[in-house]
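Read-outs: derived from the displayed coordinates by stated rules, not from any lab. All figures in this text were calculated on a predicted structure; none of them were measured in a lab. No Cβ is skipped: glycine too gets one built from the backbone with ideal geometry, and neighbour counts run over all protein chains shown.
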Amino acid sequence: MKRYAFEQLKAWKENPNRKPLVIRGARQVGKTWLMREFAKECYAKVAYISFVDTPDAKNIFEGNYNLDNILLGLNVLTNVQITPNDTLIIIDEIQECERALNALKFFKENAPDYHIIAAGSLLGVAVRQKQFSFPVGQVDFLNLYPLSFCEFLDAIGENKLSELILDKNWAVLQNFQDKCINLLKQYMFVGGMPEAVKSFAENKDMAEVRRLQNAIIAGYKEDFSKYTESYNVPKINAVWNSLPTQLAKENKKFTYKDVQKGARAREYEAAVEWLTLTGLVYKIHKITKPDLPISGYEESSAFKLYMIDTGLLCAKAMLDAKTIIEGNKIFEEFKGALTEQYVLQELKIKDNLPITYWGTDNGTAEIDFVIQDKDMVIPIEVKATVNLKAKILASYRQKYNPIKAVRTSLAGFEENNGLFNIPLYMIENLVEK
């Protein structure tokens with residue numbers, strides 16, 4: 001399976017100022033697979049430990065951070081003679097061992113020739129809620145997400161089509177418009193979780209895809225109980241279970257009353273934070289003034305919550321596979337929320353891209369997403385079909401006069417006086433990485 005993050009790993013390896021690398025991402029997005037594949041292709045040897053599979057590995061990091069002793073312990077535990085530059089040290093589930101996390105600082109300062117990658121699905125929770133210390137400035141980061149639409153195309157053998165999309169070759173792509181839309185329907189249902197994509201690529205069995213999606217969701221729910229305080233578990237479950245309902249509303253602003261009748265923010269804020277820190281939900285804040293920097297205009301109490309993956313959203317909402325063959329119905333489900341979910345996933349791949357949404361004070365008008373690309377503030381209106389009428393976007397442009405505005409839909413590419421209509425299947429190319 002091809003992951004575009006592989007190229008980022010290669011660039012990290014060749015960087016003379018390389019620091020230990022921490023890969024962040026929710027469970028089941030493929031962190032361990034990516035690290036092992038990278039080691040197999042780019043290193044002579046790999047020394048792998050996981051603090052979940054081998055809890056005793058924590059003993060290696062006890063003491064005074066003597067790197068000679070740590071390396072000796074890793075040699076013995078992995079049965080690999082670790083040497084600088086040609087061995088990749090992989091430390092998986094590093095959130096289980098705070099001292100291993102802090103040891104990365106000493107490798108950066110005293111042994112930079114050793115190549116180390118660490119990964120942690122619940123690292124954000126450990127740092128924020130368990131108050132782990134963190135080697136700030138001493139590590140590099142790579143965020144891993146579910147497969148993008150183009151990665152999905154590569155996985156199912158449509159490499160040439162993904163190349164056309166990434167090359168922005170609209171002149172040729174317009175000849176394959178219907179095919180792109182049909183494949184996008186499949187992606188919306190399958191989603192980008194590697195296990196589900198692999199299964200679909202091999203046997204095209206939607207029932208098996210749904211079984212795997214439900215298993216992933218069940219695994220997440222087990223994490224709710226294992227990795228947070230018991231009193232917070234019911235609240236996390238309640239927020240998580242409310243997401244399809246929240247996104248089915250015309251106004252998709254997250255409201256606590258849709259979690260439980262009479263619920264108040266102070267009762268559920270910690271649950272929302274926990275889900276956000278694990279990467280299982282994306283929190284997108286509202287702005288009322290689209291100015292630079294957009295993060296400076298975010299309203300902390302007004303936000304939308306999206307799930308990590310379109311396929312998992314379909315599974316939680318129990319959408320049947322027949323939706324992918326019933327015209328363009330899948331794009332319209334939940335009042336277009338699946339389509340918004342998809343667009344957000346494609347935008348999230350661009351690391352550190354500020355993403356918000358715009359709304360009026362009285363809530364009568366809303367732009368689905370507003371992003372900051374360098375010195376531009378770009379509004380993005382998401383349309384679930386080929387209908388290009390966008391009165392709110394027109395009003396927004398008239399009021400704020402943005403240099404660039406985007407309308408993404410099932411219609412073809414078009415540019416008219418700063419308004420770009422970008423097909424949904426090309427939205428990954430909205431901005432450069």
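Brief remarks follow.
- Straightening the chain between Asp86 and Arg266 buys 59.7 nm, computed as 0.36 nm per residue apart minus the Cα-Cα spacing.
- Where only DSSP H runs of four or more residues are counted, the chain gives -13000 deg cm²/dmol as its mean residue ellipticity at 222 nm, each run worth -39500 (n - 2.57).
- Calculated FRET value between Asn237 and Lys404, using beta carbons and R₀ = 25 Å, to 0.05: 0.05
- Rounded to 5, the percent of DSSP beta bridges in the chain classed as antiparallel: 40
- Applying the Karplus relation 6.51 cos²θ - 1.76 cosθ + 1.60 with θ = phi - 60° to the range 300-316 yields 3J(HN,Hα) values of 5, 8, 10, 7, 10, 10, 10, 7, 5, 7, 4, x, 5, 5, 4, 5, 5 Hz, where x marks Gly and Pro.
- Debye, to nearest 20: dipole size of the chain, +1 on Lys, Arg Cβ, -1 on Asp, Glu Cβ: 920
- Sorting the segments 220-231, 31-42, 275-286 by their residues' average number of neighbouring beta-carbon atoms within 10 angstrom, most packed first, yields 275-286, 31-42, 220-231.
- Against the chain, whose longest principal axis comes from its Cα atoms, helix 233-247 is set at around 30 degrees.
- What the Cα convex hull of the chain gives, in volume per residue, is 153 Å³.
- Point-to-point label distance, Lys350-Ser230, nm (Cα→Cβ direction, 7 Å offset): 4.7
- Evaluating 6.51 cos²θ - 1.76 cosθ + 1.60 at θ = phi - 60° for every residue in the range 85-90, the Karplus couplings come out as 6, 10, 10, 9, 8, 10 Hz, glycine and proline recorded as x.
- Within straight-line reach of Lys179, meaning a Cα separation under 21 Å, sit the following lysines at least 8 residues removed in sequence or on another chain: Lys160, Lys168, Lys198, Lys204, Lys322, Lys329, Lys383.
- Sites Trp170 and Ala215 - FRET efficiency at Förster radius 41 Å, r taken between beta-carbons, to 0.05: 0.60
- The chain - percent relative contact order, Cα under 8 Å, separation 6 or more: 13
- Helix 206-226 axis, angle to the chain major axis (alpha carbon atoms, nearest 10°): 60
- Proximity of backbone amide H atoms, modeled 1.01 Å from N, is registered between Asn421 and Arg407, Glu414, Glu415, Asn416 at under 5 Å, excluding neighbours fewer than 5 places apart on the same chain.
- Under 18 Å from Lys226, Cα to Cα: lysines that are on another chain or at least 8 residues apart: Lys130, Lys235
- Dipole of the range 88-245, positive end: most advanced residue of Leu166, Tyr114, Phe132 [Cβ charges, Cα centre]: Phe132
- Between Asp291 and Leu77, the modelled label-to-label distance comes to 5.2 nm, taking each label 7 Å out from Cα in the direction of the beta carbon.
- A straight chain from Lys391 to Ala248 at 0.36 nm per residue would run longer than the Cα-Cα distance by 49.3 nm.
- Within a straight-line Cα-Cα reach of under 18 Å, Lys389 can be paired with the following aspartates and glutamates, leaving aside sequence neighbours fewer than 8 residues apart in one chain: Glu250, Glu332, Glu340, Glu366, Asp368, Glu381, Glu414, Glu415.
- The base-10 log of I(q)/I(0) for the range 1-150, evaluated at q = 0.17 Å⁻¹, reads -0.96 [Debye formula, identical scatterers on Cα atoms, solvent excluded].
- At the listed q of 0.23, 0.25 Å⁻¹, the Debye profile of the range 91-195, built from one uniform point per Cα, gives log10 I(q)/I(0) equal to -1.15, -1.32.
- Reported value for the range 295-419: 133 Å³ per residue, from the convex hull of its C-alpha atoms.
- Nearest-0.05 FRET efficiency for Asn159 and Cys42, computed from C-beta distance (R0 22 Å): 0.50
- Only Lys, Arg, Asp and Glu carry charge here, each on its Cβ (+1 for the first two, -1 for the last two); on that basis the range 1-131 has a dipole of about 520 debye about its Cα centre.
- Proximity of backbone amide H atoms, modeled 1.01 Å from N, is registered between Leu88 and Lys45, Val46, Ala47 at under 5 Å, excluding neighbours fewer than 5 places apart on the same chain.
- Dipole of the range 147-294, positive end: most advanced residue of Val190, Thr245, Leu277 [Cβ charges, Cα centre]: Thr245
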